[in-house]
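J.: My questions all concern the structure below.
The values are calculated or read from the model by the stated rules, or taken from the named source; none is laboratory data. All values derive from a computational prediction rather than experimental measurement. Note that each Cβ is placed from the backbone with ideal geometry, even for glycine, and that neighbours are counted across all protein chains shown. Please note that ligands, DNA and RNA were not included when accessible areas were found on the heavy atoms of the full protein model with its side chains. Shrake-Rupley method; radii C 1.70, N 1.55, O 1.52, S 1.80 Å.
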Amino acid sequence: MPTVRVRDNENFELSLRRFKRLCEKAGILADLRRHEFYEKPTWKRKRKKAAAVKRYQKKILREHMALERDRQPTGTGNRREKEKEAA
């Protein structure tokens, strides 16, 4: 469980915000919501498969964006390089 030390003269709302951020990063609330009700094994498989598909699509998108970035010509907007090439 995340812990937050309240600093001297620190506002309570600020320390509460830091605690909430740490809980969000640790995934405590998501885990709590997931265990709030019983999840059937078929639902669990369906959720895991959907997560795997989402990860795969994200990977493909990143690879596609990298290919597009590599295809674009470099130095199109640099005037000094154009002047050097012309000289």
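J.: Loop-only check: which GluC sites (Glu not before Pro) in segment 1-38 are DSSP coil with at most 12 other Cβ within 10 angstrom?
T.: E10, E36
J.: Averaged per residue, what accessible surface does segment 1-50 expose to a 1.4 Å probe, in Å²?
T.: 101 Å²
J.: Give, in nm to one decimal, the length gained when the segment between Y56 and T3 is fully stretched (0.36 nm per residue of separation minus the Cα-Cα distance).
T.: 15.6 nm
J.: Quick one: length gained pulling R69 to E13 fully straight, 0.36 nm per residue minus the C-alpha distance?
T.: 15.8 nm
J.: For every other residue with a beta carbon closer than 15 angstrom to the beta carbon of R34, add +1 if it is Lys or Arg and -1 if Asp or Glu, then tell me the sum.
T.: +3
J.: Ok, one more. Probe radius 1.4 Å, ligands and nucleic acids left out: which of H64, H35 has the largest accessible area, and how do the rest follow?
T.: Final ranking, largest accessible area leading: H35, H64.
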